[in-house]
Each structure stands twice: as C-alpha cells, then as structure tokens.
Amino acid sequence: MRIKPGRSYPLGATHDGSGTNFSLFSEAAQRVELALIAPDGSQECVDLTEMDGFVWHGYLPGVGPGQRYGFRVHGPYEPDQGHRCSPAKLLLDPYAKAIDGQIDGDESLFGYRFDDHDAPNDTMDSLGHTMLSVVTDTAFDWGDDRAPDLAYHHTIIYEAHVKGLTQTHPGLPEEIRGTYAGIGHPAIVEYLRWLGVTALELMPVHQFVQDPHLKERGLSNYWGYNTIGFFAPHNAYSSSGSRGQQVTEFKSMVKSLHAAGIEVILDVVYNHTAEGNELGPTLSFKGIDNASYYRLVDDDPGHYFDTTGTGNSLLMRHPHVLQLIMDSLRYWVEDMHVDGFRFDLAATLARQFHEVDKLSVFFATTGVAPAPPCPSSPPVSPAPPISIRATGAARWPASTSSPPTTASPCETSSPTTTSTMTPTARTARTALTTTSRGTAARKARARTRRFSRCAPASSATC
C-alpha cells in the first residue's frame, strides 16, 4: 500500500473523505508500523516514515471509516531502564475515537512469561488477543442541538451508570437496555424530566478494560474506572456495533437529552490507565513510550510511581500527556457535545512532582475559559495545539476569592483568548474532586468548573 507523508497534527486517525491521516507521538520509537486489520483478522503493515518532533505520521488514500488498525512500535526493550517497546505488541492508538473488541488475558499481552516473571516476553504477537482502534466518521446531523447551559443554582445532577439506569427498565425494548440508545429513549428521558433532573452525570464511559482476573471468575468490571481509551465511548454500551457505531449512538443520546433540557456530564478517569504496573498488560501507552506517559520510580525506572492505587499514574508534567488530556476534553465538548466533567482523583492530576500543587499546570490549563467570540464579534481563527504555558489569568488558584482582573474579550474589537485551547461556543463545566469551606472558596471553585464563553473575570458581559 502506497503511503503519503501526511501531517503530524491532529494526532490519531483523521478521515478527510478520500483517505485517512495517521499520527502517533513516541519519543522512544526508532520505527513505527501502522497495522491495518482486515475483516478476517489478518494484517497489512505500513511504515510511518515521516517524523516531526517525535510525532510519526502518514496518509493512506482509500482508507476510511470502519477500518480497524493498531501500531507496532520498534524501539528499546529495556524494562529496567523504563523502556518497553516491542513490535510484537499490537498497540491501541491513544487518540482512537472508537475501539473494537476486548482483551482476553492471553500471555502475549504481557511483557513477561507467566511461569517466570523475570523472563522477558517481547516476541509473542498479541494480534487476536487485544483491542483494535477504529477509524471513525465525524459526520452527524446535530440539527439545532445546543447545550441547555443552566445556572448552577438551578442545577440538579443525577449520577447514573449507563447499564444500571436502563438494564431492567420495563419501558425499554430489550435490545437497547444497558446502552446509550437506552438512555436516549423517551422512556428514560421523560423519567428524568419527571424527577426534575437538569444534568445527567454518567459514570465512566471512556473505553475501559475487563480485567482478566475478573473474567476468569465469571465477573466483569462494572464501574468502569479502568480506562484505556480517552476519546472512545465504551463499546459494550453500544446497541448498534463497535466499529464506529458507538460514536453515533452516543451523539444521539446527547442530542435527545439536550432536546429535553438535560445536560450531560462525564465522570472521567485521567489519573491512570488500565495497563497497571510492571505486571500489567502492554496495550497502548506502555509500548508506545512508557517513560513519557507514566511516572516511574526515579532511581528504579523498572517500577511505577503509583499515587492512584491502580499500579500506575500518568506523568502530568510531560507536555504530551497534558496535550492528550486537553485534546480529549476538547473532543468530548466540541465533537460529542458533552457539557462538563467530574475528574476522578483530581489530586493525582495536580502532582507535577510529588505533592499536590493547587498551582499545577493541569489546574491552570483546565481552570480558565477558552473565551470564544461573543455572537456579535467577528470569527476567530482556531488556536494552535494545546501548550503547557499558562497565562497570568490561568494561574489563579481555586482557593482564592477571585481571579486577576483581565480585559473582557467581549468588550474589545479584537477578541482574544485566555487559553491556548481551541475556541468553542459551547460550555463545559468541570467539577473537581476537591473540597473547601466558606462562601468565597465555593464561589472560586465554581468559577474553575467551567470553560465559559468569556474570560473568567467578565463572563457576565455576554
């Protein structure tokens, strides 16, 4: 298959109607192969020969939505030094918008032999035992969909589980129980309206992994706090298929809830991934660039610095990890029309080094408004990719009573942004897992909970 150079951004798989651009960050890689998976499970591998700033990329004409793929990363396999690259492991795209299948716990998924944990296992091919990334189609008829954008003092949040809310509901057809389509069904929507709910907070819907040790006992991971895909709706909650159909079904659910005046908030898990520690499987990040994505023990990089109790923690001071999270949040707001987020273990996200830092770059980046133009303002060109540099306005801590005074972009002739996130006309509310006391602290925390339409100091002017 003839591959063209393509481009390094956006990361992931981007279909343009004629073909698909593939882009992957890896500082550790010496060579990257794109593996295209055929319907019969066979593969065709193509080298991504272009690399800019540690981003490997290429464009394949004729490749479109529904195509399953993965990456094979060639590089150092030196676990004791924190490097776990192995082309034998078929790896998920960290930016995959849809994921097909589930892991089966086979020995090929792991970097060691089951009968000897000290024996390396970097040659057993994981194809056929792991999950696959899927190229998706972004087309969707949103109609006149818009965020309800209700005031906080009018908000009533209902926390629910996709399956738990719908699995036994007598008013739903059996084929859509436990799915996104079930939540979007009139029976569920009207029930939420009858309760007076104004916002539905869904427990994790990012693609997560079923733990092999649970499957061996005939059990499953019900709650979903075991994320492996920060852009992909969990495929088991789709009634229509897992090769991109889950994306459309999720959007339809959001559209139905918005039409009823109900916002959608996601419980998101960005603090760790399902790959666990050195004894966990190699599914994506670990094989792409282990030392860039994860916090490793300083004087023993063969082990993981775990502040989450799950085996690993993401390395929040690495710019590409921050970019991954910001790109994910932006995607769910702009493409999936989600209204806000609740961050699981937000304290871990604030650990740039060791202690929790209220002035961490994560809080600084998420706590300011993208400040898109007001309706009467001329359009603004999209901002460049996310940067970890924070402006002065981005640095005010959630514990202060008010942010620094900044000029309102709605009061100037040349609208500007206070963040490097791409402007969006939508609103996203961000509930952090922190607590504080006092009226001033509550007001300040409320301000950090939204990507508003204007700069934080002047949001009322819109």
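Can you compute the FRET efficiency between H303 and S239 using 1/(1 + (r/R0)^6), with r the Cβ-Cβ distance and R0 = 41 Å? Round to the nearest 0.05.
Numbers: r = 42 Å, r/R0 = 1.01.
Efficiency computed from Cβ-Cβ geometry: 0.50.
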Whole-number value, in Å³ per residue, for the convex hull of the alpha carbons of the stretch 69-141 is 93
Tally Lys and Arg at +1 and Asp and Glu at -1 over the other residues with C-beta under 10 Å from the C-beta of L34: what net charge comes out?
-3
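Which value, in debye to the nearest 20, describes the size of the charge dipole of the stretch 171-297 about its Cα centre when Lys and Arg Cβ atoms bear +1, Asp and Glu Cβ atoms bear -1, and nothing else is charged?
It works out to roughly 120 debye.
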Taking 2.2 N^0.38 Å as the expected size of a compact globular protein, what ratio does the Cα radius of gyration of the stretch 45-183 give against it, to two decimals?
1.49
If I model a spin label as a point 7 Å beyond the Cα along the Cα-Cβ vector, how far apart are those points for D149 and W223 in nm?
3.5
Roll a 1.4 Å probe over the protein heavy atoms and report the accessible area of T198 in Å², nearest 10.
20
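Once the piece of chain linking M51 and I157 is laid out straight, how much longer is it, given 0.36 nm per residue of separation minus the C-alpha distance between them?
Numbers: separation 106, 0.36 × 106 = 38.16 nm, distance 4.53 nm.
Gain on stretching M51 to I157: 33.6 nm.
In whole percent, what relative contact order does the stretch 246-323 give with Cα contacts below 8 Å and a gap of six or more residues? Don't skip to the end; give the middle numbers.
Values: 76 pairs, mean separation 19.8, N = 78.
Dividing the mean separation by the residue count of the stretch 246-323 yields 25 percent.
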Applied in sequence order to the stretch 158-163, the curve 6.51 cos²θ - 1.76 cosθ + 1.60 (Karplus, θ = phi - 60°) yields integer Hz couplings, x standing for Gly and Pro, of 10, 7, 8, 10, 3, 6
Long-range HN-HN contacts of T130 with modeled amide H, under 5 Å:
none
Estimated distance in nm for a label pair at E27 and T123, the labels positioned 7 Å out from Cα along Cα-to-Cβ:
3.1
At what distance in nm do the modelled label points of Y191 and H74 sit from each other, each positioned 7 Å from its Cα along Cα→Cβ?
5.4
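The values are calculated or read from the model by the stated rules, or taken from the named source; none is laboratory data. Quick caveat, the model's predicted, so the values are computed rather than measured. Please note: Cβ atoms are built from the backbone with ideal geometry, for glycine as well, and neighbour counts cover all protein chains shown. Heads up: the accessible areas ignore ligands, DNA and RNA and are worked out on the full protein's heavy atoms, side chains in. Shrake-Rupley method; radii C 1.70, N 1.55, O 1.52, S 1.80 Å.
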